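See below for the structure under consideration.
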């Protein structure tokens, strides 16, 4: 997850490197003032949260977003990956079988891969 808060700086988060941390804080406890962030960008991060973490994260993101702020999220295409499970052969996107690519995309890639 990265945020543009007008300073040109972002706060990164990566679930595979020690938890859902964002700039040293959990994504659901951002060290930012309310309504100060223009945009939150989350790429293949949200699906790794527990339901409780996801709820708390969305509440926190709403708190820090400006009234006209935006959240942009990239999450797995569940329908595509469910269909991909039944396609023989190698994925056209990564050096994995379609089956593994589908499962990894839904449940998360092994650390250091993908």
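Computed from the coordinates by the stated procedures, all read-outs in this text should not be read as laboratory data. Keep in mind the model is a prediction, meaning the values are calculated, not measured. Using ideal geometry, Cβ is built from the backbone for each residue, glycine included, and neighbour counts are taken over all protein chains shown.
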Which of rounded, prolate, oblate describes the stretch 75-114, given a ≥ b ≥ c as roots of the alpha-carbon gyration tensor eigenvalues and a/c under 1.5 marking rounded, otherwise prolate only if a/b is larger than b/c? oblate
Per-residue Cβ neighbour rank within 10 angstrom, fewest leading, 36, 57, 50: 50, 36, 57
Each label point is 7 Å from the Cα along the Cα-to-Cβ direction; what then is the distance between the points at residue 33 and residue 72, in nm? 2.6 nm
Distance in nm between pseudo-label sites at residue 80 and residue 56 (7 Å out along the Cβ direction from Cα): 3.1 nm
